[in-house]
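The structure under discussion appears below in the form of structure tokens.
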Amino acid sequence: MRTAMVISPHADDAAIFCGGAMARFAAEGWRVILVRVTDDRYDSVGLDVDQTVQRNALELQKSATVLGVAEVVELGFETDRLADTPETVIRERIVYLFRKFQPHTVFSFDPTDIREDNQDHVRVAQAVAEAFWVSCFDKHCPQHLAEGLEPFAPAERWFYSRNAPGADYVLDITGTVRQKVAAVLCHETMMRNVLNQYRLQLRTAGRRMAMIDAGVAGGDLRPLVEMFVCGTAQAVAQAAGFPEGHFAEAYRRERFGDLDELFAAASEAIPEGE
Ligand SMILES: [Zn+2]
């Protein structure tokens, strides 16, 4: 059984950016491991920090269940503070998880998305990008080896991002877009906080939107989430030339970089059991 590991800085990133892929991989028999890097302790409206931590952890578990995730790993870093955390500290945790779970494919924020303004996203993207090669070195993080783990390299990286720089692969998620909507809806606490940000910005601009005000106040989030998730996925599918009624997610996929062609031509399959 192959393993896919999704590295999500915050609870909602995984469902929003690659929920369709996660559900599809799980349905196709992959073991999907979801790693949340932060604790999302500030991400709510009107709750205290302890309540916020509890709610977001619970909602992440629900969302993971909807997507068919086999295991959720919590790294517990303070949210919105990763820019103050040395990249090497986050990287060590990622290297550990690569060596422990041995993922074939890793999903992460794209480190080349320079328009990303969320520093947690940027930090995690950098840490994962470096962990990818550092985890191969037998002299990096030798304490992992003392635990019986071994140097390890994932085969593929699927980078997701807000601005999709250089996206070169479009995955059809028509079969799992409903699960994606349901998973995003699980993150009720974080969604209401996102809506509150728009409510405040609109108010400063002298505007308001009834749907957003109702969402912040505890109303049904489904119409907004459906509009956002399905609208985005439909636009990606359309741009890729998929037939009408299809939904998709865009990724920048990396395997061996410049060596893709050489390895495809000159490598051979390792026999079972070797
Ligand atoms: Zn995030």
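Check whether at least one residue in region 219-237 is modelled with pLDDT of 95 or more, touching a strand residue (DSSP E or B) at 6+ places or on another chain (Cβ under 7 Å), within 17 Å of M22 (Cβ to Cβ) and not small (G, A, S), and report yes or no.
Yes, region 219-237 contains a residue that is modelled with pLDDT of 95 or more, touching a strand residue (DSSP E or B) at 6+ places or on another chain (Cβ under 7 Å), within 17 Å of M22 (Cβ to Cβ) and not small (G, A, S).
Could you go through region 254-266 and let me know if any residue there is surrounded by 16 or more Cβ atoms within 10 Å (Cβ to Cβ) and under 28 Å from the mean Cα position of the chain (by Cα).
Let us first name the residues in region 254-266 that are surrounded by 16 or more Cβ atoms within 10 Å (Cβ to Cβ), namely 254.
Still in the running and under 28 Å from the mean Cα position of the chain (by Cα): 254.
Yes, that holds for at least one residue.
If you go through region 1-11 one residue at a time, how many are under 17 Å from L82 (Cβ atoms) and either touching an Asp or Glu at 6+ places or on another chain (Cβ under 7 Å) or open to solvent by 10 Å² or more (accessible area, probe 1.4 Å) (or both)?
3
Go over the candidates L97, L58 one by one and state the one that is free of Cβ contacts under 8 Å to residues at least 24 places away in the same chain and not acidic (D, E).
L58
Report yes if some residue within region 223-237 is under 26 Å from P111 (Cα atoms) and more than 21 Å from the chain's Cα centre (by Cα); otherwise report no. Spell out how you get there, then give the answer.
Filtering region 223-237 for residues under 26 Å from P111 (Cα atoms) gives 228-237.
After this cut, where a residue has to be more than 21 Å from the chain's Cα centre (by Cα) as well, the list is none.
Checked region 223-237: no residue is under 26 Å from P111 (Cα atoms) and more than 21 Å from the chain's Cα centre (by Cα).
What about T189, is it hydroxyl-bearing (S, T, Y) and surrounded by fewer than 21 Cβ atoms within 10 Å (Cβ to Cβ)?
no
Say whether the condition of being closer than 22 Å to C141 by Cβ, away from the ligand (no atom under 16 Å from the Cβ) and surrounded by fewer than 18 Cβ atoms within 10 Å (Cβ to Cβ) is met by at least one residue in region 94-101.
Yes, that holds for at least one residue.
Hey, could you check region 131-170 for residues that are buried (at least 17 other Cβ atoms within 10 Å of the Cβ) and assigned to a helix (DSSP H, G or I) and say which is farthest from the chain's Cα centre (by Cα)?
This residue is H144.
Can you spot a residue in region 12-26 that is open to solvent by 10 Å² or more (accessible area, probe 1.4 Å), over 22 Å from L224 (Cα atoms) and not aromatic (F, W, Y)?
Yes - at least one qualifying residue is present in region 12-26.
Kindly list the number of the only condition in (1) more than 15 Å from D13 (Cα to Cα); (2) in a loop (DSSP other than H, G, I, E, B) that fails for E116.
(1)
The values are calculated or read from the model by the stated rules, or taken from the named source; none is laboratory data. Quick caveat: nothing in here was measured; it's all calculated off a predicted structure. Positions of Cβ are backbone-derived with ideal geometry, glycine not excepted, and every protein chain shown enters the neighbour counts. The accessibility values were calculated without ligands, DNA or RNA, using every heavy atom of the protein model including side chains. Shrake-Rupley method; radii C 1.70, N 1.55, O 1.52, S 1.80 Å.
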